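A short worksheet on the structure shown next.
The values are calculated or read from the model by the stated rules, or taken from the named source; none is laboratory data. What you see is a predicted model, and the numbers here were worked out from it, not measured in a lab. In this analysis, Cβ positions are derived from the backbone assuming ideal geometry, glycine residues included, and neighbour counts consider all displayed protein chains. Surface accessibility is based on the protein's heavy atoms, side chains included, excluding ligands, DNA and RNA. Shrake-Rupley method; radii C 1.70, N 1.55, O 1.52, S 1.80 Å.
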Amino acid sequence: MDSILVVGGQTLSGTVATSGSKNAALPILFASLLADGEHRFDNVPALKDIDSTELLLAALNCDVERDSHSMRVIVKPPSMAEAPYDLVRKMRASILCLGPLLARYGEARVSLPGGCAIGSRPIDLHVDTMRQLGATVEIEEGYVIARADRLEGARILFEKLTVGGTENALMAATLARGTTVIENAAKEPEVVDLARYLKTMGAKIEGEGSSVITIEGVDKLTPGQHTIVPDRIEAGTLLIAGAITGGAVTVEQCVPQHLRSLIDHLKDCGFEIGQDASSISLASCDRWQASDISTAPYPGFPTDLQAQFMALMTQADGTSVITEGIFENRFMHVQELVRLGADISPMSQVAVVRGDRGGLSGAPVMATDLRASASLILAGLVAKGTTRVNRIYHLDRGYEHLEKKLKSLGANISRVSGSD
Ligand code: EPZ
């Protein structure tokens with residue numbers, strides 16, 4: 001298993017570009033299943049989760065060709081609309097093929113995804129949505145088995161905000177008979193990007209990005225072309241890398257509007273932030289104040305930046321209270337940060353981070369999930385000596401060559417293979 005070695009103490013500076021969004025690319029690639037023919041995508045990030053999606057699309061009789069950050073997906077009807085366990089277990093977002101397969105073929109067999117390090121990750125809201133759209137859904141031998149001659153438009157109210165649930169509902173409703181209204185819909189930019197692609201395919205959608213999305217079902221969709229929106233979580237991670245080293249960093253090819261909450265909190269810490277239409281610039285700053293965060297659905301503070309921001313707070317002046325409002329177990333990085341010398345007291349959904357307790361010291365640490373991996377690398381950038389982050393396969397699921405991007409900003413960082 002690969003590891004990342006970071007020698008702390010370098011002040012990062014310069015300009016770095018963001019890749020395409022993992023969390024937009026995944027639902028958009030599954031949306032291609034709604035229409036036979038050739039779909040073309042640009043700004044597709046080179047990630048393990050995209051590799052997993054490619055394997056699942058191929059298992060569903062699609063021909064997939066990738067060339068750098070472009071992708072062609074030629075969709076053809078599969079002999080069986082099934083997403084098997086051995087593929088789904090590698091990436092729980094595979095549940096996003098449920099809506100498209102059910103809407104297009106009238107049936108879908110999708111393996112239950114199973115939980116992951118940050119929580120049980122149930123899919124009850126996805127299943128309920130398909131039933132509300134008129135499908136029969138059974139759970140048998142670890143599979144979700146859904147059937148419907150044709151889905152019927154419905155009024156869907158999500159009692160709990162769900163990004164994936166909103167995306168599955170949105171995709172399924174595009175081919176349903178009649179009108180579907182999704183209330184308490186997720187407003188994430190990735191949902192908006194998915195809706196943008198579906199509209200390119202001929203779907204009739206209004207309200208994406210607000211909490212009420214209306215879809216007029218159509219009989220058929222056609223393949224299209226789409227450029228994936230920049231990854232706001234990667235952009236935020238790169239900004240925090242500059243901030244934690246006291247450097248001046250500009251992140252390009254991003255959408256500042258998608259990072260308002262992080263930008264507000266960085267300003268609250270005392271960082272100077274500039275921005276234009278597609279870049280965010282952070283001025284160098286060698287001391288910053290603690291800032292409290294509570295993760296929340298967009299446009300609130302993203303749960304996917306919580307671990308990275310916590311690393312920054314370990315070096316702040318003062319105490320930060322970090323509340324995780326989305327997932328039940330997203331503090332796996334805390335004990336690893338404590339191994340580096342951080343002063344953090346986790347209590348269920350709240351962690352108290354005391355910043356002015358001196359610096360961090362490098363040590364071997366273990367990545368437990370995707371964003372925890374990034375948090376440990378950021379901490380390694382400022383820890384004295386060398387930090388070895390093990391089980392870095394988590395990182396490769398959602399960041400495209402993060403170590404190369406950080407090295408281009410001056411980090412002393414390298415990838416080593418070998419057992420941990
Ligand atoms: C998406 O996951 C993202 N993944 C996650 O990013 C992100 O953290 C999350 O949204 C929240 O923003 C992708 O887009 C591929 P949810 P998703 O459904 O859709 C509960 C990353 O690091 N819930 O909005 O799975 C759930 O347990 C990943 O890139 C149910 O109870 O998140 C959670 O507590 C991690 N029943 C809350 O809702 C359901 O049927 C929000 O989950 C579905 C979800």
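The string of couplings for the stretch 157-171 from the Karplus curve (6.51, -1.76, 1.60, θ = phi - 60°) is 10, 7, 4, 10, 5, 9, 5, x, x, 4, 5, 5, 5, 4, 5 Hz, one whole number per residue in order, with x for Gly and Pro. Counted over the stretch 91-194, the DSSP beta bridges are approximately 75% antiparallel.
In this Cβ point-charge picture (+1 for Lys and Arg, -1 for Asp and Glu), the chain has a dipole of about 440 debye about its Cα centre.
Of all DSSP bridge pairs formed entirely within the chain, close to 70 percent run antiparallel. Under the simplified labelling scheme, the Thr136-Lys199 pair shows an inter-label distance of 3.8 nm, with each label point 7 Å from Cα along Cα→Cβ.
If DNA, RNA and ligands are ignored and the probe is 1.4 Å, what is the ranking of Phe301, Phe327 by accessible area, most exposed first?
Values: Phe301 5, Phe327 45 Å².
Final ranking, largest accessible area leading: Phe327, Phe301.
Residues in the chain average 37 Å² of solvent-accessible surface per residue, probe 1.4 Å, ligands and nucleic acids excluded.
Kindly state, as a whole number, the per residue volume in cubic angstrom of the convex hull around the alpha carbon atoms of the stretch 95-239.
Numbers: hull volume 16.3 nm³, N = 145.
In the stretch 95-239, the Cα hull volume divided by residue count equals 112 Å³.
Remark on Asn412: its backbone amide H falls under 5 Å from those of Val7, Gln10, a criterion applied only to residues 5 or more positions apart or on other chains, H modelled at 1.01 Å from N. Distances between placed amide hydrogens fall under 5 Å for Thr227 paired with Asp42, all partners being 5 or more residues away or on another chain.
Past 19 Å, Cα to Cα: identify those pairs from Lys48/Lys404; Lys160/Lys187; Lys22/Lys220; Lys76/Lys220, in the order given. Distance filter (> 19 Å) returns Lys22/Lys220. Taking the chain as a Gaussian network of alpha-carbon nodes connected by springs under 10 Å, the highest mean-square fluctuation of the residues Gly20, Gly99, Gly207 belongs to Gly207. Once all protein chains are placed together, Lys187 keeps about 70 Å² accessible to a 1.4 angstrom probe. Solvent-accessible area of Lys48, all protein chains in place: 110 Å² (probe radius 1.4 Å, heavy atoms, ligands and nucleic acids excluded).
Dividing the Cα radius of gyration of the chain by 2.2 N^0.38 Å, with N the residue count, gives 0.98. For a straight C-alpha distance cut-off of 14 angstrom, the aspartates and glutamates reachable from Lys90 (same-chain residues fewer than eight places away being disregarded) are Asp49, Asp51, Glu54, Asp369, Asp396.
Largest first, the extents of the alpha carbon coordinates of the stretch 165-249 on the three principal axes equal 56, 29, 16 Å. Approximating the spin labels as points 7 Å out from Cα along Cα→Cβ, the Tyr393-to-Asp264 distance works out to 4.0 nm. Return P(r) of the stretch 278-334 (all Cα-Cα pairs; 5 Å bins starting at 0; whole %; ordered from short to long distances). The calculated distribution, bin by bin, is 4, 17, 25, 23, 18, 10, 3. Ellipsoid fit via the Cα gyration tensor, the stretch 1-98: semi-axes of 31, 17, 10 Å, each the root of five times an eigenvalue, largest first. For the pair Leu157 and Glu38, the difference between a 0.36 nm per residue extended length and the Cα-Cα distance amounts to 39.5 nm. Once the C-beta distance of Ile145 and Ser70 is scaled by a Förster radius of 60 Å, the resulting FRET efficiency is 0.95 to the nearest 0.05.
In the stretch 282-420, what percent of the accessible surface is made up of carbon and sulfur (1.4 Å probe, ligands and nucleic acids excluded)? The partial results should precede the final answer.
Values: 2610 of 5120 Å².
Here it works out to 51 percent.
Evaluating 6.51 cos²θ - 1.76 cosθ + 1.60 at θ = phi - 60° for every residue in the stretch 305-311, the Karplus couplings come out as 10, 5, 5, 5, 5, 4, 4 Hz, glycine and proline recorded as x. Per-residue accessible area (protein heavy atoms, 1.4 Å probe) orders Leu87, Leu60 as Leu87, Leu60, starting from the largest. A crude spin-label estimate for the pair Ser348 and Asp51, with each label 7 Å from Cα along the Cβ direction, gives 4.0 nm. Straight-line reach from Lys407: taking Cα to Cα under 17 Å and skipping same-chain neighbours fewer than 8 places apart, no lysines fall in range.
Once the Cα-Cα distance is subtracted from the 0.36 nm per residue extended length, the Asp219 to Thr386 segment shows a gain of 54.2 nm.
When Arg109, Arg196 are compared by accessible area of protein heavy atoms, the largest-first order is Arg196, Arg109, using a 1.4 Å probe. 3J(HN,Hα) couplings calculated from phi for the stretch 278-291 with the Karplus curve 6.51 cos²θ - 1.76 cosθ + 1.60 (θ = phi - 60°) are, in sequence order, 9, 8, 10, 10, 10, 7, 5, 7, 9, 9, 9, 7, 6, 9 Hz; Gly and Pro show x.
Apolar share of the accessible surface for the stretch 11-114: 46 percent from carbon plus sulfur atoms, 1.4 Å probe.
Asp128 contributes about 70 Å² of solvent-accessible surface, heavy atoms of the protein only, 1.4 Å probe.
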